[in-house]
C-alpha cells in the first residue's frame, strides 16, 4: 500500500503546486517585465531622491492619449510634443473634461514606447499615481512632472508617452 | 446504454441494475463506456454548432444567425469539442484499455473514477444552459481573453465554474491513470515493456495534472477580477490583459498535446497490428513522446507572436516550437518504418490510422509554417490557423479515437462490426474532412479572419465548398452511429484474438472480457 500512497501524495502535491504556480506567475511576470524592460511600464511610485544633472543632450517626447471603452471624457495632452534635455526636470499636463453630468472616478494607465527605455522615463509628479475624481461637466488640468534619466541609451531620439484614461466609477477594487 | 454487453456478466455480481447500475458503477469498463457514449453525444452537439457556423458561412452576408449568436457558437463549439468530445473519449479509452492492457483487475481508484465521470454531465448542463440566458452564452472565444471575456453577460461565472468542474474531472481521471499504471502492472511488465498506448497515456496524465491547475488558476483570476475587485487583468487597476494570454497558453499548449499524445499511442498500436511487425523504434517512441511533453511547457508564446514581444522572445519561442518537429518527425518516420515490408492489410482501424499519419502530418506542416514568427504575423487569427488546428484535431485526434473504437469494439463487445460499412464510413469521413478543411488554408492565406460571421465576396467559393464538406462530414458520422447500433444488436461471435497481428494482454482475455479483467495477474516475459 505504501507505493500507492507515495503516488497519491506526489501527484496531489503536483496538482496543488501547479495551482499556486499559476498565481506565482503573476509576480514572476512583473519581475520578468521589469528586468527586461518589456511592456513599457514606467514607475508607478513617486521618484524621491532626485538630482538634476543637465547633459546637453536633447530628445523628443511625444504625448498621446486614449479614453478606454466609451468613457464620457475628453482627454488630451496640453502639448503634443516637447524637446527636452536629458537630466532636467520638466512639467506639462493633460486636460481632462467630464462630458457627463455626474461625478466620475478615473484612473490613468501610462505606457512608454520603446518599452526597453521606459524605466528611464522617471515621473516625479503624475496624476497616474492615484485615482482622480472629476465633477460633472468639469474640466481639469492634470499635472505631470518628469525627468529623463541620463542612462537613456544614446540611440534613442524619441520617446512616446501614452496614457489610457479609465472610467473606474463604481468599479470594485480600484485603488 | 442498455445494450451494453456487460449485462451478460451481471449474474455473478450483485450490482444494482437499470439506471442505478450506471450511476453507482465503479467498474472500469462501465465507466469507460459511459465516457465514450458521453463524448459521442458531445461530439454531435458540438458538431451541430459547427454546422450552424458553416451554414452561416456558406455565402457572404448575414443570413441565418445574428453575429452575437455566431460568436457564441464558435466559443461553445470549441469548449464542447475539446472538453466534451476529445478529452472524455480519451479518458474512456484509458478506462477500458489500461487495466486490460497492463493485466490489472480494475483501475486503482474505482470510486474516484465514478466521480470523475459523473461530474461531466453536470458541468456540461451548466455550460449549455448559458445558451438560454437572456444575455446568451459565452462569446469571447474559448480562450476567454480579457478584457472581452470580462465584459460578457451573465454567462461568465457559469462558464468558469463549469470549466472548473471539467478541470477537476480531468485531474481526478489523470491521478487514477497514474496510480493504476505505476502500481498495478502485471508482474514482469517493466516500464519499458508497457504497451505504447499506456506510455502515451501516462505522459498525458502527467501533462494533465501539471496543466489543468494552471487553467484553474487563470480562470479563477478572471472570476475574481470580475466579481471580487482584484486587478490581475484589468488595466484600470494596474493589471495586464496580456498576462492572461501568457498564463492561459502556459496551460493551453500542454493541453494541445493532451489532445494528441493518446492519439499517437493508438496509432502506434494499430499500425504494427495490421503491418504484422513489431513497432519500429519502441524506445525512441517513448523518448519522443516524453520530449514532446517537456517541450510543450516552453513554447506557449507562439500563440501570441503578435502581442508585441521583443525580438529575443519571438526567436526563442520560434526555435523551441520548431524543435518539437524533431520528436514528432521521429514518430512519423517510425510509423512509416513499421509498415515498411510489413504484410499489410487494410481493415477499417488501419485505414483510419493511415489517414491519421498523412493528414496529421499536413496539420504538422502548417503548424511549422505558423511557428515562423514573420509568417505568423500574416497568418495570425486567419482561417489558416483554423485549417491547421482542425487538421491536427479532426483527422488527428478524432480519427485516432474512431480507429481505436473500430479496433477494440470487437474486444469490448464480442461482436464484429460490419467491415464494409466501416470502410464506407472511412471513405466518406476522409473525403469530407478534406473538402471541409483544405479550402480553409487558401482563404486563410488570402486573409480571411476567423470568428467573423461575414466575409468579402472573394472568399465565397472556398467557403461554399467548406460548408458542403462540413455537412457531408457531419452526416457521415450518423453512419458511425448506425454501425455501432448494428454491431451491438448482433450476437457474440468475435474471437478472443480479433486481429491476427495484434499483440498485448487484452487479446488473451475473452471477447467480451470478464467483468473484472484480470482476477489473477498474468506474467509478462
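What follows is calculated from the coordinates using simple rules that are stated; it is not laboratory data. Bear in mind the structure is a predicted one, so any value in this text is a computation, not a measurement. Glycine also receives a Cβ, built like all others from the backbone with ideal geometry; neighbour counts cover every protein chain displayed.
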Fill in the blank from the handout: When B:365, B:244 are ranked with the fewest other C-beta atoms within 10 Å first, the list becomes B:365, B:244
Handout entry: Cα centroid separation - region B:208-225 against region B:431-472, whole Å
Key = 34
Handout entry: Antiparallel %, DSSP beta bridges [both residues in chain A], to 5
Key = 80
Practice task
Compute the long axis of helix A:2-36 from its Cα atoms, compare it with the longest principal axis of the Cα atoms of chain A, and write down the angle in degrees, 0 to 90, nearest 10.
Solution key: 10
Fill in the blank from the handout: What helix-only [θ] at 222 nm does chain B give? Using -39500 (n - 2.57) per DSSP H run of at least 4, over all residues, to the nearest 500, the answer is -21500 deg cm²/dmol
Practice task
Would you kindly compute the Cα radius of gyration of the protein assembly as shown and its largest Cα-Cα separation (Dmax), both in Å?
Solution key: 28.7, 96
Fill in the blank from the handout: For chain B, the longest principal axis of the Cα atoms and the Cα long axis of helix B:419-445 enclose an angle in degrees, to the nearest 10, of 20
Problem - Ranked B:369, B:448, criterion: other C-beta atoms within 10 Å, fewest first - result: B:369, B:448
Exercise for the section: Post the alpha-carbon centroid distance, region B:72-92 to region B:107-168, in whole angstrom. Expected result: 11
Practice task
Post the alpha-carbon centroid distance, region A:10-25 to region A:82-100, in whole angstrom.
Solution key: 45
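For B:459, B:228, B:360, which order do you get if you count the other beta carbons within 10 Å of each Cβ and list the fewest first?
With the sparsest Cβ surroundings first, the list reads B:228, B:459, B:360.
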Problem - Average Cα contact separation per residue, region B:80-216, under 8 Å, 6 or more apart, as relative contact order % - result: 32
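With an 8 Å Cα cut-off and a minimum separation of 6 or more residues, compute the relative contact order for chain B in percent.
It rounds to 19 percent for chain B.
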Practice task
Quote the relative contact order of chain A in percent (integer), defining contacts as alpha-carbon pairs under 8 Å separated by 6+ residues.
Solution key: 27
